[in-house]
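A.B. asks: Below are the structure tokens for one structure; questions will follow.
The values are calculated or read from the model by the stated rules, or taken from the named source; none is laboratory data. No experiment lies behind these values; they were computed from the predicted model shown. Glycine also receives a Cβ, built like all others from the backbone with ideal geometry; neighbour counts cover every protein chain displayed.
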Amino acid sequence: MGYRKYLVWVAPQADQRFASHLAFLARVSERAAFGLYDAYQGALEFLADNPESCPRYAPKATLRAKLFGKRYRIVFEIADNTVHIYDIQDCRQSTDKNLVQ
């Protein structure tokens, strides 16, 4: 059995949402913003290697979720050899403010 590497694609809306979180955090603490960015990069690397190990986002759904940085969640789907990231959520927010419901 060979090693499989996935392509990771981030939706522009998810990328913009995360960028706004980073910008807000950087105004409070640059060090914390760099730490969150590093955690995000680590999560993307993990998804490129092993996305199937992440739990389903909802029962019977094709969406999955990966937690990172203590309170952030990446919502994604696996299609063929690509991980499609649809949303990056701050788990402290209510779900009605998020793209994926």
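A.B. asks: List the pairs whose first member sits in segment 63-74 and is without any contact (Cβ under 8 Å) to a residue 24 or more places away in the chain and under 14 Å from His21 (Cα atoms), whose second member is outside any strand (DSSP E or B) and not acidic (Asp, Glu), and whose Cβ atoms are under 7 Å apart, counting only residues at least 6 apart or on separate chains?
C.D. replies: Going by the 7 Å Cβ cut-off, the qualifying pairs are Arg71/Cys91; Arg71/Arg92; Arg73/Cys91.
A.B. asks: In segment 48-79, which residue that is modelled with pLDDT under 90 and of a type outside the set (Lys, Arg) is nearest to the chain's Cα centre (by Cα)?
C.D. replies: To start, the set of residues in segment 48-79 that are modelled with pLDDT under 90 comprises 57-61, 70.
From the residues that got through so far, the ones that are of a type outside the set (Lys, Arg) too are 57-59, 61.
Numbers: Tyr57: 12, Ala58: 16, Pro59: 19, Ala61: 17 Å.
My answer is Tyr57.
This table checks each residue for (1) assigned to a helix (DSSP H, G or I); (2) in contact with a Cys (Cβ under 8 Å, 6 or more places away or on another chain); (3) under 20 Å from Glu77 (Cβ atoms); (4) among the small types (Gly, Ala, Ser).
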site	(1), (2), (3), (4)
His21	yes, no, no, no
Ala26	yes, no, no, yes
Ala33	yes, no, no, yes
Tyr37	yes, no, no, no
Ala43	yes, no, yes, yes
Phe46	yes, no, yes, no
Glu52	yes, no, yes, no
Pro59	no, no, yes, no
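A.B. asks: Report whether or not Val100 is of a type outside the set (S, T, N, Q) and at pLDDT below 95.
C.D. replies: Details: of a type outside the set (S, T, N, Q): yes; at pLDDT below 95: yes.
Criteria met by Val100.
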